[in-house]
Amino acid sequence: MPLPPAQETYSGQVNTITLGGGMRKTTVTVGGAKTVPYGGDREATGRRPVIAMDVLDAPPQDWPPALAEAYRGVLEDPAAWAKKVVEEFGADLVCLKFDGLHPDKGDRGADHAAAVTKKVLGAVGVPLILWGCGNDEKDNAVMPKVSEAAKGEKVLLGTVTQDHYKSLTAVALADGHFLIAQAPLDINIAKQANILVSDMGFPLDRLVMFQTTGALGYGLEYAYSIQERERLAALAGDKLMAMPVICDVGYESWRAKEAKIAAEEAPEWGDAAKRGPLWEATTAITLLQSGVDILRMRHPAAVATVKAYLDTLWGKTA
C-alpha cells in the first residue's frame, strides 16, 4: 500500500496583504502561506506569488543588449514602458524604480519623480511598487513627494532600513501605503528593522520584507537559506517575521557577467539572448522554493518561464 504524501503543518501563518486602491482597476493579494511551498498541501501554500516587472524613471545606462532589446522604443517613456509590461508581458504589478534620482545617474529631483509617478499611475490599472534610488539622503528628500503623488492608491513603497526608516515610514503611514523593510542577509537585522517600523505605529500587516537577493552563482544559496529560515520562523508563530517577502531577481541576475556578456566575448557560453533570461528565470524559480511572494523581474522571456512554473505548483490564474 503506497504511503500518503508527506504533509508539513505549522502553527503560524504569513500575513495577507492586498495592494491597490483608488483608481486601480485591479488589486493584488499576496501572502497567507501556512506551510512551505513544497510542504505537500497546496491549499496551505497561500496566495500564488506574483511578478512585478521593472520600469525605470530614466533610460537605463547599463542594460545589456539582450535585455534592452525587449523594450525597444519605450525605454525613454516610463508610461509606455509600464503599459508594455502589463499588456504584452502580463506583469501583475509594475515596479517603478527611481534610478534617475541617484546622484550618479542623473540626480533628478522631486518634481520629476512625482510627475513620472502620476504618468505611470495613469497609464496602467495594476497596483504599483515605488522603489527609491538607494541613496538614503536623496530618497529621504524625494520619496515623500512620490508617496504624496500616489496617495489613495495603496502602493508598496520602499525601502526603509534599520538606519534610515523614520521619514518614509511616517509618509507611508500618513498616505495609506504599504512599506518595504530592507535588510542585508541577516535575520536579526531584518527583525530589528520590522521592530523599529512597528514602534512608529506602522501596522505589521502592511509591511513586506526584502532581504538582499543573491543571483545564481552570486550568493543564491545563502539568500535561499536565509529566506527559508525567515519563512520557517513565520510559520512557527513569530509575528515579527510573518510578512510577505519580495525579491529583486531582475536587477541581481542581470548584474552577473554570465547573464550579460555578449556571445562574441564568450562564444562557448551560448546565445546571450537565451542565456540571460535563463539566468533570471533559474534564480527566480529557486528562490520561490524558499518562500517568496513578490518577484521583481525584467526580461519577458524569464517572466514567461516563471509563470509556467507557477502554474504547476499554484495552478493557472483566471
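The values are calculated or read from the model by the stated rules, or taken from the named source; none is laboratory data. Everything numeric here is computed off the predicted structure, so don't read it as measured data. A quick note on method: Cβ atoms are made from the backbone with ideal geometry, for glycine too, and the neighbour counts reach across all protein chains shown. For accessibility, only protein heavy atoms count, side chains too; no ligands or nucleic acids. Shrake-Rupley method; radii C 1.70, N 1.55, O 1.52, S 1.80 Å.
Round to a whole number: what % of the accessible area of the chain belongs to carbon and sulfur, probe 1.4 Å? Please report the intermediate quantities before stating the final value.
Values: 7070 of 13710 Å².
The value for the chain is 52 percent carbon and sulfur by accessible area.
Taking only protein heavy atoms and a 1.4 Å probe, what accessible area per residue, in Å², does segment 1-140 have with all protein chains in place? Mind dumping the intermediate values first?
Values: 6700 Å² over 140 residues.
Result: 48 Å² per residue.
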Output ordering of 126-138, 212-224 (per-residue mean of other Cβ within 10 Å, highest first) is 126-138, 212-224
Any chance you could run the full-extension gain for ASP104 through GLU265? It's 0.36 nm times the residue separation minus the Cα-Cα distance, nm to one decimal.
-> 55.2 nm
Estimated FRET transfer efficiency when R0 is 22 angstrom, pair ASP199-THR16 (beta carbons, to 0.05) | 0.45
Label zone at ALA273, where the point sits 7 Å out along the Cα-to-Cβ direction: segment 281-318 residues whose backbone N lies under 15 Å | 300-302
If a/c stays under 1.5 just call it rounded; otherwise compare a/b with b/c (prolate if a/b is bigger, oblate if not). Do that for segment 52-135, with a ≥ b ≥ c from the square roots of the Cα gyration tensor eigenvalues.
-> oblate
With the 8 Å Cα cutoff and a minimum separation of six or more residues, the chain has a relative contact order in percent of 20
Amide H proximity to ILE129 below 5 Å, modelled H, separation 5+ or other chain, gives VAL94, CYS95, LEU96, LEU156
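Order the peptides 154-160, 185-191 from the highest to the lowest mean number of other Cβ atoms within 10 Å of their residues.
Values: 154-160: 26.7, 185-191: 16.6.
The most tightly packed comes first, giving 154-160, 185-191.
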Candidates for semi-axes √(5λ) of the Cα gyration tensor in Å are [x] 32, 25, 16; [y] 28, 26, 18; [z] 35, 22, 16, and the calculated one carries label [y]
So, with points 7 Å from each Cα along the Cβ direction, the ASP311-ARG229 label distance in nm works out to 3.7
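Over segment 197-261, what relative contact order in percent results from Cα pairs under 8 Å that are six or more residues apart?
Values: 56 pairs, mean separation 25.0, N = 65.
Reported as a whole number, the value is 38 percent.
Give, in nm to one decimal, the length gained when the segment between ALA115 and THR27 is fully stretched (0.36 nm per residue of separation minus the Cα-Cα distance).
Values: separation 88, 0.36 × 88 = 31.68 nm, distance 2.28 nm.
Full extension from ALA115 to THR27 adds 29.4 nm.
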What lysines sit close enough to LYS25 to cross-link, taking a C-alpha to C-alpha distance under 23 Å and skipping anything fewer than 8 places away on the same chain?
-> LYS83, LYS84, LYS97, LYS118, LYS119, LYS151, LYS154, LYS307, LYS316
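Can you tell me which of 255-268, 112-125, 30-43 comes out highest on packing, and rank the rest after it, using the mean Cβ neighbours within 10 Å?
On the way: 255-268: 13.7, 112-125: 19.0, 30-43: 17.4.
Averaged packing, sorted descending, gives the order 112-125, 30-43, 255-268.
Can you compute the helix-only [θ] at 222 nm over the chain? Use -39500 (n - 2.57) per DSSP H run of at least 4 residues, normalise by all residues, nearest 500 deg cm²/dmol.
On the way: 11 runs with 125 residues, N = 318.
My calculation for the chain gives -12000 deg cm²/dmol from helical runs alone.
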Heavy-atom accessible area of ASP205, protein chains in place, probe 1.4 angstrom, given in Å² to nearest 10, is 90
Length gained if LEU240 through GLU69 is fully extended, taking 0.36 nm per residue and subtracting the Cα-Cα distance, is 57.4 nm
ILE187-GLU43 pseudo-label distance in nm [points 7 Å out on the Cα-to-Cβ vector] | 3.0
Euclidean distance between Cα centres, segment 177-249 to segment 40-104, Å = 22
